[in-house]
1. Roughly how many Å² is the accessible area per residue of the chain, as a whole number, for a 1.4 Å probe?
2. Could you work out how far the C-alpha centroid of the range 264-325 sits from that of the range 168-206, in angstrom?
3. Taking all protein chains in place and a 1.4 Å probe, what share, in percent, of the accessible surface of the range 63-142 do carbon and sulfur account for?
4. Taking all protein chains in place and a 1.4 Å probe, what share, in percent, of the accessible surface of the range 194-309 do carbon and sulfur account for?
5. Any chance you could look up the accessible area of E79 with a 1.4 Å probe, heavy atoms only, rounded to 10 Å²?
6. Using DSSP loop states and a limit of at most 16 other Cβ atoms within 10 Å to flag trypsin sites (Lys or Arg not before Pro), what is the longest stretch of the chain containing no flagged site?
7. So for the pair T189, N81, with labels modelled 7 Å out along Cα→Cβ, what separation do we get in nm?
8. Are any of the pairs K226/K276; K210/K251; K110/K140; K148/K210 more than 19 Å apart by Cα-Cα distance, and if so, which?
Amino acid sequence: MQPGGGSATRSQAFRLPGRHGYAVEFSPYLAGRVACATSQHYGIAGCGTLAVLEQNETGIGLLRSFDWSDGLFDVTWSENNEHVLVTSSGDGSLQIWDTANPTGPLQVYKEHTQEAYSVDWSQTRGEQLVVSGSWDQTAKLWDPAVGKSLCTFKGHEGVIYSTIWSPHIPGCFASASGDQTLRVWDVKTPGVKVVIPAHQAEILSCDWCKYDENLLVTGAVDCSLKGWDLRNVRHPVFNLFGHTYAVRRVKFSPFHSTLLASCSYDFTVRFWDFSKPNPLLEIVEHHTEFTCGLDLSLHSRGQVADCAWDETVKIYTPLCLTVPV
């Protein structure tokens, strides 16, 4: 299939008036349920809203919305309770929400001294941990049942934009930073485990391959995606070029070992297969502003959700994922 621009197949949209989308994540429990973290005024000022959306036969409906006094920049679903989510905010705090309790956050954790830009719930069995990353240059480890952080990870020399748990190795997470490095940490040992000078630009996103515990991808302001094998970090194992502005988020497929997706400030979402000589599979152009949030469904093979500063969330299946890759 030739990469083409345009709309995706079977696309549904939901509009969030006055709210600019920063992050979107499918529920790990319920097919068609999606959470979106948003901010007023492009996250510069004003409040934030967490929108929990439900896909149905007629389109996308709003199941629940929660407001916070500052912009919301990231969201993650609990891995042990289908109703619980965590968001991170411009005031440096994390909020725990329960869709069955619409009155407000169950808990608020306020320790970061600048914007909390990323949050992720651990995916390995036997642990329920949350990691957050902040513009204060630290990552923090949390047990949602404990009212304060368990540990603070220092070492980055710039803002942290992304913190993601390994889906394979308990207690292991990666962070991406404006200091141009990708770092890997182990919660059981103090200090950083691996430092990779991954780009000569700010790195806005990273993700772990679901099929290879040693493989990560980074996306950066230099418009590129790079793959990294932790067994040999001197050179990237792949480079993906094509975006024309900063790569805002990168995600590996849960169904294909060599397929990944990226969204960008160039308004596009791109799908790639890094094993192919021509890795770009498809370009989806259905937003009119910075595209910031991106996720791939664990339940519905090929289904994608994204959100942008154009006040819309979209759920769709790109053409390249409707046929075997």
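1. 39
2. After rounding, the separation between the Cα centres reads 25 Å.
3. The value for the range 63-142 is 42 percent carbon and sulfur by accessible area.
4. Using a 1.4 Å probe with all protein chains present, the range 194-309 comes out at 50 percent carbon and sulfur.
5. Roughly 70 Å² of E79 is accessible to a 1.4 Å probe.
6. Here the longest run is 1-124.
7. 3.4
8. From the list (K226/K276; K210/K251; K110/K140; K148/K210), the Cα-Cα distance tops 19 Å for K148/K210.
The values are calculated or read from the model by the stated rules, or taken from the named source; none is laboratory data. The shown structure was predicted, so the numbers you read here are calculated from the model rather than taken from an experiment. Reconstructed Cβ throughout: ideal geometry from the backbone, glycine too, with neighbour counts over all protein chains shown. Just so you know, the surface numbers come from the protein's heavy atoms only, side chains and all, with ligands and any DNA or RNA stripped out. Shrake-Rupley method; radii C 1.70, N 1.55, O 1.52, S 1.80 Å.
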